Amino acid sequence: METKKRLTRDQKKDKAVIDLINQMLAMAGHDVTYEDILGVEKWFQKYTMTVEQGEEFKKWGKKYLMKNLQMRADAAEKEMMWFNVMWGLTYSNWEDYHKLK
């Protein structure tokens, strides 16, 4: 029986970025993955999601980071904010969403 090699902290972080990007694209309804966008400049501007999808993704990502990287809730929330700044998709209904509030 082959034993699984444990990932280093950096490898876990790299895997987390890939998993988060894949989940964000899936939750937004796009049929692409990290592999598809690898090397594409400003790929995050070519795809959109709704504000509601974005909020659901942030909740999912926070739980993911807490579980897989053993982050505290406040640290995971901050990390998701940074993720959104760096790679977050454009919101398709930003103006309409804020008119409702």
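A few notes on this one:
- Protection proxy ranking of 75-87, 56-68 - average other beta-carbon atoms within 10 Å, highest first: 56-68, 75-87
- Unsatisfied cross-links (Cα-Cα over 19 Å) in the set Lys58/Lys78; Lys42/Lys67; Lys13/Lys62: Lys42/Lys67
- Three-way shape call for region 9-101 based on the alpha-carbon gyration tensor, with the a/c threshold at 1.5: oblate
- Within the accessible surface of region 44-86, defined with a 1.4 Å probe on protein heavy atoms only, the carbon and sulfur portion equals 56 percent.
- Length added when fully stretched, Asp19-Glu77, from 0.36 nm per residue minus Cα-Cα: 19.2 nm
- Listed peptides 42-50, 9-17 appear in the order 42-50, 9-17 once ranked by packing, highest mean of other Cβ atoms within 10 Å at the front.
- For the chain, the longest principal axis of the Cα atoms and the long axis of helix 73-87 meet at an angle of about 70 degrees.
- Furthest towards positive pole of dipole, Ala26, Thr3, Met49, structure part the chain, Cβ charges: Thr3
- Taking all protein chains into account, the per residue accessible area for the chain stands at 76 Å² (1.4 Å probe).
- Shape class of region 18-71 from the Cα gyration tensor (axes a ≥ b ≥ c, square roots of the eigenvalues): oblate, since a/c reaches 1.5 or more and a/b does not exceed b/c.
The values are calculated or read from the model by the stated rules, or taken from the named source; none is laboratory data. Quantities reported herein were computed from a predicted structural model and do not represent experimental measurements. When we count neighbours, we look across all protein chains shown, and the Cβ atoms used for this are built from the backbone with ideal geometry, even at glycine. These area figures cover heavy atoms from the full protein model, side chains too; ligands, DNA and RNA do not enter into them. Shrake-Rupley method; radii C 1.70, N 1.55, O 1.52, S 1.80 Å.
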